[in-house]
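The block underneath contains the structure these notes are about, expressed in structure tokens.
Derivation of every value follows stated rules applied to the coordinates shown; laboratory data play no part. Note that the coordinates shown come from a computational prediction; the quantities given were computed from them, not determined experimentally. Note that each Cβ is placed from the backbone with ideal geometry, even for glycine, and that neighbours are counted across all protein chains shown.
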Amino acid sequence: MIEVNGTGNCFRDKAKLGPLAGASYSASLFHCLPVGCNSKDALQLGSMWGQDKAKSLIEAAGFKSVEIEELPFYQFNILYKAKK
């Protein structure tokens, strides 16, 4: 699964991503969260929901050995590898 490379903490993300973090949180707040509010069963986490939350939800869905890998060619995304 490929997701946005966020931690869920705006201060850590700013230190890691610089100005890109502000743009990412803006898109998350003004686009992703409102879209998520349109579905009754949505978790409404936004695009910067974070690696820890993503890993815990993947494991709760029954996947094991979740690995998180940063992409060397694109710092904005992160790769989650999991096995059932």
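Could you give the length gained on full extension between SER26 and ALA42, defined as 0.36 nm per residue of separation minus the Cα-Cα distance, in nm? Numbers along the way, then the final one.
Values: separation 16, 0.36 × 16 = 5.76 nm, distance 1.97 nm.
This chain segment gains 3.8 nm when fully extended.
Using only the Cα atoms of the chain, what do you get for the radius of gyration and for Dmax, in Å?
For the chain, the Cα radius of gyration and maximum Cα-Cα distance read 13.2, 37 Å.
Label 7 Å along Cα→Cβ of TYR74; the range 5-37 residues with amide nitrogen under 11 Å?
Hits in the range 5-37 for TYR74 at 11 Å: 5.
If the limit is 21 Å between Cα atoms, which of LYS14/LYS64; LYS53/LYS81; LYS14/LYS81; LYS16/LYS84; LYS40/LYS84; LYS55/LYS81 go over it? Show your work: numbers first, answer last.
Details: LYS14/LYS64 30 Å; LYS53/LYS81 15 Å; LYS14/LYS81 25 Å; LYS16/LYS84 31 Å; LYS40/LYS84 27 Å; LYS55/LYS81 10 Å.
With Cα atoms farther than 21 Å apart: LYS14/LYS64; LYS14/LYS81; LYS16/LYS84; LYS40/LYS84.
What's the exposure ranking of ASP13, ASP52, going from fewest to most Cβ atoms within 10 Å? Before the final figure, lay out each step's value.
Values: ASP13 21, ASP52 12.
Going from least to most buried by this count: ASP52, ASP13.
Normalising by the residue count of the chain, find the relative contact order in percent from Cα pairs under 8 Å and 6+ residues apart. Can you show the working numbers first?
Details: 104 pairs, mean separation 30.5, N = 84.
Once divided by the residue count of the chain, the mean separation gives 36 percent.
Mind listing the long-range amide H neighbours of ASN5? Cut-off is under 5 Å, sequence gap 5 or more, other chains count too, H placed in the peptide plane at 1.01 Å from N.
For ASN5, whose amide H was placed from the backbone, the distant partners under 5 Å are ASN77, ILE78.
How much length, in nm to one decimal, is gained on full extension between ALA82 and PHE11, taken as 0.36 nm per residue of separation minus their Cα-Cα distance? Provide the component values of the computation, followed by the final result.
Working: separation 71, 0.36 × 71 = 25.56 nm, distance 2.80 nm.
So the extension gain works out to 22.8 nm.
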